[in-house]
Amino acid sequence: MQYLLAIYEDHSVYADEKAGAEIIQAHMAYSEMLASAGVIRGGEGLEGTDTARTVRKRGGKMAVHDGPFAEMQEQLGGFYIIEVDTMEEALDWAAKIPMAGDGSVEVRPCIDGPAG
């Protein structure tokens, strides 16, 4: 089964060039660990929320808005997609994700279906 590991963290940590470089290096090492275990299926870091746009449907009409309008310090910063046998294994991998300051990792099973 594939699982999404969505990383929510305080992006202000990346304003410090040294701290940002250290967390990126930690993610590279984590990615290598996933690859060595043969469980990684995809993943990417994401640009800051100031580059985001949100498409909303209301009353049958679509509209595009700047940003995700996050009202919290933690923002979606990146994700991994892994393939393991159980939720417990996915949670074990999620617990090893490097974090920029405080944060959380949402672990969610992907829907099985035909490949796009």
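What follows draws every value from the coordinates through simple rules; no lab data is involved. In this text, all values refer to a predicted model and were calculated from it rather than measured experimentally. Heads up, the Cβs are rebuilt from the backbone with ideal geometry, glycines too, and the neighbour counts pull from every protein chain shown.
Please label the shape of region 2-109 as rounded, prolate or oblate, based on the square roots a ≥ b ≥ c of the eigenvalues of the alpha-carbon gyration tensor (a/c under 1.5 means rounded; beyond that, a/b larger than b/c means prolate, else oblate).
oblate
For region 4-96, which GluC sites (Glu not before Pro) pass both filters: DSSP loop (anything but H, G, I, E, B) and at most 13 other C-beta atoms within 10 Å?
Answer by residue number: Glu47, Glu71.
Which Cα, out of Met1, Met87, Ser36, lies furthest along the positive dipole direction of the chain (beta carbon charges, K/R +1, D/E -1)?
Result: Met1, furthest along the dipole toward the positive end.
Nearest 0.05, what FRET efficiency do Ile111 and Ser12 give at R0 = 35 Å with Cβ-Cβ as r?
0.55
If you build a Gaussian network model of the chain, linking Cα atoms that sit under 10 Å apart, which residue out of Met33, Met87, Met62 swings the most?
Judging by the Gaussian network model, the answer is Met62.
Which residue fluctuates most in the GNM of the chain (Cα springs below 10 Å): Lys61, Lys96, Lys18?
Lys61
Measure off 7 Å from each Cα along the Cα-to-Cβ vector at Met1 and Glu88, then give the distance between these two points in nanometres to one decimal.
Calculated label separation equals 1.3 nm.
Between Gly48, Gly77, Gly38, where does the largest GNM mean-square fluctuation fall for the chain, given springs only between Cα atoms within less than 10 Å?
The residue that fluctuates most here is Gly38.
Taking 22 Å as R0, compute the FRET efficiency from the Cβ-Cβ separation of Thr51 and Ile24 and round it to 0.05.
The formula returns an efficiency of 0.80 here.
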